[in-house]
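Following: one structure in structure tokens, then a few remarks.
The values are calculated or read from the model by the stated rules, or taken from the named source; none is laboratory data. From a predicted model like this one, the values you see are computed outputs, not experimental measurements. Note: ideal-geometry Cβ built from the backbone for every residue, glycine included; neighbour counts use all protein chains shown.
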Amino acid sequence: MSASAPTIRTELLSDRHDRNGFVSGVEALDKYLRQQAGQDIRRRVASCFVLLASGNPVPIGYYTLAATSLDLAELPDALAKRLPRYPRVPATLMGRLAVDARHRGRGNGELLLFGAFSRALRNEIASYAFVVDAKDETAARFYSRYRLMPVVSGGRRLFVPMAEIAKIFA
């Protein structure tokens, strides 16, 4: 009889998760999960979701979501001209995404990103776009593979309209 693969699930970060066991190799991301994420959840400034394998309290990875907005001027003209002339449009920010170094190369980053897309799409509060601030060029290339594009003002802020995300899940 062969052992079955562990069941994986995503849930809101809580005290039952072993944050100290998570090591992505990026100190700022590890420190955030260990020291700041719980406070952000309690203060309602961000939600942190962890990917777990059954029976293991150490997260495979995590992402955070929060409300934000984009200046209409940050959007390409072709998109902006179809929107109401408000100075800003509502958006969902994925502030952080990290995978434990022991679990890299197995599609967990993509799984986390698609989980965040799905969660943002299901949100009952209006959001025009999904936004990320890529920490470096490697991260920017990762996100660009999933239809995220740079805002007009440049930098590593990327976005994708929620309508495009809805097409992925159609």
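Of all residues in the stretch 11-26, those satisfying the criterion of being surrounded by fewer than 19 Cβ atoms within 10 Å (Cβ to Cβ), part of a loop (DSSP other than H, G, I, E, B) and not aliphatic (A, V, I, L, M) are Ser14, Asp15, Arg16, Asp18, Gly25.
Conditions (1) touching a Pro at 6+ places or on another chain (Cβ under 7 Å); (2) hydrophobic (A, V, I, L, M, F, W, C); (3) closer than 26 Å to Arg82 by Cβ, marked per residue:
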position: Phe117; (1), (2), (3): no, yes, yes
position: Ile125; (1), (2), (3): no, yes, yes
position: Asp136; (1), (2), (3): no, no, no
position: Gly154; (1), (2), (3): no, no, yes
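Of the residues examined, Leu33 is not one that is among the aliphatic types (A, V, I, L, M), within 20 Å of Phe117 (Cα to Cα) and surrounded by 17 or more Cβ atoms within 10 Å (Cβ to Cβ). Helices (runs of 4 or more DSSP H) fully within the stretch 61-152 that include at least 1 residues being within 16 Å of the chain's Cα centre (by Cα): 108-122, 137-144.
For the stretch 27-58, the tally of residues that are in contact (Cβ under 8 Å) with a residue 40 or more places away in the chain, part of a loop (DSSP other than H, G, I, E, B) and more than 16 Å from the chain's Cα centre (by Cα) stands at 5.
Note on the stretch 89-126: among residues that are in contact with a Lys or Arg (Cβ under 9 Å, 6 or more places away or on another chain) and closer than 22 Å to Gly21 by Cβ, the one that is surrounded by the fewest Cβ atoms within 10 Å (Cβ to Cβ) is Arg96. A residue that is surrounded by 13 or more Cβ atoms within 10 Å (Cβ to Cβ), modelled with pLDDT of 95 or more, closer than 19 Å to Ile125 by Cα and out of contact with any helix residue (DSSP H, G or I) (no Cβ under 6 Å at 6 or more places or on another chain) can be found somewhere in the stretch 48-59.
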